[in-house]
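Contents: one structure, followed by commentary.
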Amino acid sequence: MSTRIAFLKGHGTENDFVIVPDPENTLDLPPAAVAALCDRRAGIGGDGLLHVVRSAAHPEARGMAAEAEWFMDYRNGDGSVAEMCGNGVRVFARYLQRAGHAVEGDLAVATRGGVKTVHLAKNGDVTVGMGRALLPEGEVTVRVGERSWPATHVNMGNPHAVAFVDDLAHAGDLHTAPPVAPATAYPDGVNVEFVVDRGPGHVAMRVHERGSGETRSCGTGACAVAVAAARRDAADPAVTGTPATYTVDVPGGTLVITERSDGEIEMTGPAVIVGEGEIDLAWLENATR
Ligand SMILES: N[C@@H](CCC[C@H](N)C(=O)O)C(=O)O
């Protein structure tokens, strides 16, 4: 029996991931193991983990196997499971390319949020079709200390609360999750985005991610921000009949989001593999005891 398992490290606009290839789904990766691997001091370090599995070998993805050979089994840094990760799926595609499982052009990837089409471009950018946003009815409020803001509830497969603020510093240190009310709006927790304007069609954001804390980028979050900004700017493509494009600056780089008039959203940005190595299974067992 092997005492080591292979891993890679990658990031998309500095939203970073431990990548664990496991085509036949033979590894046991309970939440404690994921959290140990994502630990930035005692582990490898990452905002989340991308478990790379053939769709046919994973019970949650078997139904998508005819459309997409590979399943992104995404986990947050605390080990929790999330429906979708926009930066993750771009990095996942970059890994498949590096491993020889994909080439430049279009590729289907199965996720808990459904099958996503990813385009690996010649110039190194990766675009993903993120599907449509849902905007559930009802108002939500985000609070940091004495300040609070009305927020837009956007579901990109996973839940987001988007608050437009005057200054990104007003989000504070984001060491803990900003309270969002009413809590009943988000029974499974929420990702919170703070947004300022930088110019026409250009915003900047910070994010506190459910299960990871403040990260330097969030792809689904950037899409939620673009959707909320388009509604605020009276540029909802379903109403205007014109696509809405927003450049979204995140602490780790820039993402470009386009919402088409049919509601389909595309996100483009870089995806980088940093390196690879081996995980010592004895360490992992010890770390999760
Ligand atoms: N960083 C991701 C989102 C990851 C999941 C999120 N923390 C959640 O729990 O919903 C992205 O790039 O979209």
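The values are calculated or read from the model by the stated rules, or taken from the named source; none is laboratory data. All values reported here derive from a predicted model rather than from experimental measurement. Don't worry about glycine lacking a Cβ; one is built from the backbone with ideal geometry, like all the others, and counts go over all protein chains shown.
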Please pick out the residue among Ala169, Ala183, Ala163, Ala177 that is touching a Ser or Thr at 6+ places or on another chain (Cβ under 9 Å) and assigned by TED's automatic domain parsing to the domain that holds Arg206. Ala163
Hits in the stretch 194-210 - residues which are within 11 Å of the ligand (Cβ to nearest atom) and either free of Cβ contacts under 8 Å to residues at least 60 places away in the same chain or buried (at least 22 other Cβ atoms within 10 Å of the Cβ) (or both): Val207, His208, Glu209
Considering residues of the stretch 46-59 that are surrounded by 15 or more Cβ atoms within 10 Å (Cβ to Cβ) and not small (Gly, Ala, Ser) only, the residue nearest to Arg210 (Cα to Cα): Asp47
Find the residue count for the stretch 152-171, including only residues that are out of contact with any Lys or Arg (no Cβ under 6 Å at 6 or more places or on another chain) and under 17 Å from Cys218 (Cα atoms). 13
Of residues in the stretch 72-88 being more than 8 Å from the ligand (Cβ to nearest atom) and in a loop (DSSP other than H, G, I, E, B), the one farthest from Val250 (Cα to Cα): Gly79
Let me confirm something: among Ala181, Ala161, Ala133, Ala102, which residue is away from the ligand (no atom under 16 Å from the Cβ), crowded, with 18+ Cβ neighbours inside 10 Å and in contact (Cβ under 8 Å) with a residue 12 or more places away in the chain? Ala102
May I ask you to verify whether Thr3 is in contact with a helix residue (DSSP H, G or I) (Cβ under 7 Å, 6 or more places away or on another chain), modelled with pLDDT under 95 and of a type outside the set (Lys, Arg)? yes
In the stretch 175-289, which helices (runs of 4 or more DSSP H) lie fully inside it and hold 3 or more residues that are of a type outside the set (Val, Ile, Thr) and within 29 Å of Ala6 (Cβ to Cβ)? 281-287
Need pairs with beta-carbon distance below 6 Å; first residue closer than 17 Å to Tyr74 by Cβ and within 11 Å of the ligand (Cβ to nearest atom) and within the stretch 213-228, second of a type in the set (Val, Ile, Thr) and in a helix (DSSP H, G or I); sequence gap 6+ or separate chains. none
Before we move on, is Val91 within 15 Å of the chain's Cα centre (by Cα) and more than 10 Å from the ligand (Cβ to nearest atom)? no
From the list Arg41, Arg54, Arg62, pick out the single residue that is more than 16 Å from the ligand (Cβ to nearest atom), assigned by TED's automatic domain parsing to the domain that holds Phe17 and over 23 Å from Val115 (Cα atoms). Arg41
